[in-house]
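Visitor: Below: one structure in structure tokens.
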Amino acid sequence: MDNACIFCKIINKEIPAGIIYSDEEVVAFNDINPQAPVHIIIIPKKHIERVSELKESNSALVGKLVLVAKKLAEEKNISDSGYRLVFN
């Protein structure tokens, strides 16, 4: 998988990451260069190159990403103080 993106390599455990959540569809890990006290990257296990490639069939997956963010914010005790979600 030499041409695989960095996120695919993390999912395939070819690159180590501080994984804090994983299920059948989603992986979440701490950013190695955090821009905030809590900086978590949440990615789908299904490779989607960019937001412009999303289809209606991906709507449940996109919803899952947001719900995992909510769950992790609650676990990190930042839910009440607020947090920001960024989609790249």
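The values are calculated or read from the model by the stated rules, or taken from the named source; none is laboratory data. Quick caveat: nothing in here was measured; it's all calculated off a predicted structure. For neighbour counting, all protein chains shown are included, and Cβ atoms are generated from backbone atoms with ideal geometry for every residue, glycine included. Just so you know, the surface numbers come from the protein's heavy atoms only, side chains and all, with ligands and any DNA or RNA stripped out. Shrake-Rupley method; radii C 1.70, N 1.55, O 1.52, S 1.80 Å.
Visitor: SER79: accessible area at probe 1.4 Å, nearest 10 Å²?
Guide: Roughly 50 Å² of SER79 is accessible to a 1.4 Å probe.
Visitor: Continuing with the same structure: Where in region 1-35 are there GluC sites (Glu not before Pro) that are in a DSSP coil and have at most 12 other Cβ atoms within 10 angstrom of their Cβ?
Guide: For GluC sites (Glu not before Pro) across region 1-35 that sit outside H, G, I, E and B with at most 12 neighbouring Cβ atoms in 10 Å, the list reads GLU14, GLU24.
Visitor: Keeping the other protein chains in place, figure out the carbon and sulfur percent of the accessible area of the chain, with a 1.4 Å probe.
Guide: Looking at the chain in its full context, I get 52 percent from C and S.
Visitor: Could you calculate the FRET efficiency of LEU61 with SER81 from 1/(1 + (r/R0)^6), where r is the beta carbon distance between them and R0 is 35 Å, rounded to 0.05?
Guide: Working: r = 28 Å, r/R0 = 0.79.
About 0.80, to the nearest 0.05.
Visitor: Springs between alpha-carbon atoms under 10 Å, Gaussian network over the chain: tell me which of VAL62, VAL51, VAL27 tops the mean-square fluctuations.
Guide: In the Gaussian network model the winner is VAL51.
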